[in-house]
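Inspection log for the structure reproduced underneath, given as structure tokens.
Each value in this text was obtained by applying a stated rule to the coordinates, not by laboratory testing. What you see is a predicted model; the values in this text were computed from it and never measured. For neighbour counting, all protein chains shown are included, and Cβ atoms are generated from backbone atoms with ideal geometry for every residue, glycine included.
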């Protein structure tokens, strides 16, 4: 089966700055795929190239087998992109905007029932006659999502769709996207909220400094991490034995998080060291590594931008 | 219709709807402004300026003012639409859509022509009861109108592509469109000018647009109609070639 998106040798420079250093990977048909990376990694540049907003300096991209440059019309008809910025046309109502967007893709009245369905599913039915400029930020985001889906594309790219949106919209969006994915749509997601990517994505690619750091299934990515985490709360004034100090990965409000390498640092050895030093334990938890740990391991940075919270 | 044709018609309808939704600003206002020019200049100049034999100054003025409104509104329609889309960011909807350069070009230019036609017809409908005009050569009239409206629409597209903010469009309007349209013989016959300005006027493409349009009404003008048509067609051809090249390469539109 041909890939949903095929990216081969894609390079992009902005003057002296290299945004993409030769990216090669494929996104398979029917996947829920995560494209992750810290700010400035090149994710948005790559998405903009796929969408036709930015020209690459070298390389080739195809969507459902259609070259995005030579066969741009066919490629774009297979693709729906939810842009990161809250852009809108102030001259039109929500319903007008969706019908116009459908028309650009060669769709006529046959998609009007689908437009009504999307308005319902995204809780926009009550706003269908409202001017775009009168909508709140969350409502505008919903319209952007509907616009990307209006021509029923086989591949959908969501560029940070949940940045700054409330919990209700997140829940609505993910339930809708999961349903579309089950029906065979390929979904590509970029997000700073790694728990979303971990929960939804079957495969993940991590970009950093314009290069592909890793691409694997979410399960394999998590399994390849050789660490486990042990959280300890010690009685007030108690000191961690010196031998355990190098294992401390984080310390917050009296709770210590120890990073233990599988096979090398058994949990029992930690407890023995504490017992030998005569240190009591108030509370203890273990934590499996999550995508955030993998991300930091590969990029040396956190995925969440300053001030963001999931 | 094929999907490509639906895309083109959708963009055309969207552009028409855009100016239609603010008709007071896009049609009524230019008509009122131009009527004020007509009132003031007709009153002030009717006994002072001599134009063609058998044609009163007011009759002479009307086609020039109509064409000036066509020039300014065709330019304003495409340039303001494009710069608004760029500044608001909603141009991405068009850029991500499966629309080619010819569809962009055709839809924007045709929508601007429709606005220009609406302005011109409204002006003629308002003035004709007071200033009856003959129509000697309807073919020349339509040809010059279409070539002029389309040329200025294309110039507006070029300005919209080059501009990064509204100020840039204002500069194009204030330093290019308005001076050239005022100095094109709207208010006078170039034969009344001193030799230097008379010759300089012949390098102003807007002069041929207005002169050719007058020919359509009166059957005579400052230069032969074929010369006006050749200038209008040449201007449209060169402007279109530049504009299409910009759209094909994504100049200033794609990073």
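Rounded, prolate or oblate: which fits chain B, taking a ≥ b ≥ c as square roots of the Cα gyration tensor eigenvalues, rounded meaning a/c under 1.5, else prolate when a/b beats b/c? Taking the square roots of the gyration eigenvalues as a ≥ b ≥ c, chain B is prolate.
Classify region A:153-299 from the C-alpha gyration tensor, please: rounded if a/c falls under 1.5, else prolate or oblate depending on whether a/b exceeds b/c. Note, shape of region A:153-299 comes out prolate.
With a/c under 1.5 counting as rounded, go ahead and sort region A:1-96 into rounded, prolate or oblate using the C-alpha gyration tensor (a ≥ b ≥ c being the square roots of the eigenvalues; past the cut-off, prolate if a/b is larger than b/c, else oblate). The shape class here is oblate.
Quick one: angle between helix A:267-276 and the longest Cα principal axis of chain A, in degrees between 0 and 90, rounded to 10, please. Between helix and principal axis, roughly 30 degrees.
Helix A:112-121 and the long axis of chain A differ in direction by around 30°, with both axes built from C-alpha atoms. Seen against the Cα atoms of chain B and their longest principal axis, helix B:225-249 is set at about 20 degrees.
Of the two radii for region A:95-238, the radius of gyration is 1.11 times the Kirkwood radius, both from the alpha carbons; that is the Rg over Rh value. Reported value for region A:5-222: 121 Å³ per residue, from the convex hull of its C-alpha atoms. Computed with the Debye formula from one identical point scatterer per Cα of region B:192-239, without solvent, the log10 of I(q)/I(0) at q = 0.21 Å⁻¹ comes to -0.70. Residue by residue along A:66-73, Cβ atoms of other protein chains within 10 Å of the local Cβ number 2 on average.
Let me confirm one metric for peptide A:49-58, namely the mean number of other chain beta-carbon atoms within 10 Å of its residues' beta-carbons.
That works out to 3 on average.
For residue A:248 and residue B:255, the FRET efficiency from 1/(1 + (r/R0)^6), where r spans their Cβ atoms and R0 equals 35 Å, is about 0.20.
Centroid-to-centroid, using Cα positions, region A:157-175 and region A:69-147 are 16 Å apart. For region A:5-222, relative contact order (Cα pairs under 8 Å, six or more residues apart, normalised by length) works out to 30 percent.
Distance between the pseudo-spin-label points of residue A:272 and residue A:170 (7 Å out from Cα toward the beta carbon): 4.2 nm. Length, then width, then depth: along the principal axes, the Cα atoms of the protein assembly as shown run 118, 48, 42 Å. Computed from the C-beta positions of residue A:233 and residue B:245, the FRET efficiency with R₀ = 45 Å rounds to 0.05. As a proxy for reagent exposure, A:272, B:67, B:123 were ordered by neighbouring Cβ count within 10 angstrom, fewest first; the result is A:272, B:123, B:67.
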